[in-house]
Structures are given as C-alpha cells and as structure tokens.
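Report on the following structure.
No value in this document is a laboratory result; all are computed from the given coordinates. Values in this document were obtained by computation on a predicted structure and should not be read as measured data. All Cβ positions, glycine included, derive from the backbone under ideal geometry; neighbour counts span all protein chains shown.
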Amino acid sequence: MDNIQSKSRLFAIRIINCYKFLTEQKHEQVMSKQLLRCGTSIGANTRESKNAQSRMDFLSKLNIALKEADETEYWLDLLHETKYLDDKIYTSLQNDCGELIRILTAIIKKLKDKPQK
C-alpha cells in the first residue's frame with residue numbers, strides 16, 4: 001500500500017503544478033479546476049484508506065480513488081485535445097495516471113478475489 005500512497009502523492013504534486021501552469025500561463029480556469037480536484041483526490045482517498053474501519057470501507061476508498069483516476073484521465077485528454085497541454089506534458093501525466101489506475105485495479109481485484117476472514 002505504501003507504493004500507491006507514495007505514487008499518488010507525487011502525482012498530486014504534479015497535478016498541482018500543472019494546475020498552476022494552466023491557470024497562470026494558459027489562463028484556463030474550468031477544466032484545470034476539475035483536473036486539480038480529481039487528480040489530488042486519488043492520493044487523498046488512498047491515504048484515507050489507511051484508517052478504514054473495515055475491509056469494505058478500505059475497498060470503498062480504493063474504488064473512489066480509481067474513479068477519480070479515471071476522471072483525471074478524462075480531463076487530461078480534454079486538455080490535450082484542446083491544446084492546453086502539449087504532447088510532452090500530456091504523455092507524462094497520462095502515463096503516471098495510467099500506472100495509478102493499473103495499481104489500484106490490481107489491489108482492488110486482489111482484495112475482491114481474496115476470501116474474507
């Protein structure tokens with residue numbers, strides 16, 4: 001779990017920096033705010049899962065993080081397709097987001113497949 005928490009925190013920092021770039025240099029306010037909200041929520045939910053009250057609560061937090069990561073991909077795609085993000089920034093963020101999705105999906109699948117005690 002430390003791996004996903006660390007990666008999602010670093011990703012959140014990159015998203016915050018991307019938000020600053022989009023608002024200050026590109027003067028884009030709407031999509032960048034959505035990206036900031038969902039891109040930082042991934043880490044917040046994985047962090048919150050550390051103190052889950054039950055296995056189901058833990059799984060719920062990770063599922064929320066996965067949904068937020070999927071939404072982050074959506075906003076990254078839109079920002080790229082509308083030319084607010086160049087290919088280099090987009091590809092880098094998209095790769096990191098895809099990695100978070102793969103990790104979260106694997107953790108969730110493993111938890112669902114594992115018999116409860």
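Observations on the model:
- With Cα atoms, 0 to 90° folded angle of helix 30-49 axis to the chain main axis: 20
- Angle of helix 87-113 to the longest C-alpha principal axis of the chain, folded into 0 to 90 degrees and rounded to 10: 10°.
- When the Gaussian network model of the chain links Cα atoms closer than 10 Å, the mean-square fluctuations of 78, 66, 35 top out at 78.
- Scanning residues 5 or more positions from residue 85 or on other chains, those with amide H under 5 Å from its amide H are 80, with H placed 1.01 Å from N in the peptide plane.
- Over the Cα atoms of the chain, the radius of gyration divided by the Kirkwood radius equals 1.03; this is the Rg/Rh ratio.
- If R0 is 22 Å, the Cβ-Cβ spacing of residue 77 and residue 108 corresponds to a FRET efficiency of close to 0.45.
- The Cα trace of segment 39-81 gives Rg and Dmax of 12.1, 41 Å, the first to one decimal, the second as a whole number.
- Projected label distance in nm at residue 86 and residue 55, using a 7 Å step from Cα toward the beta-carbon: 5.0
- Candidate lysines - alpha carbon under 29 Å from residue 61, same-chain residues fewer than 8 apart omitted: 7, 20, 33, 50, 109, 110, 112, 114, 117
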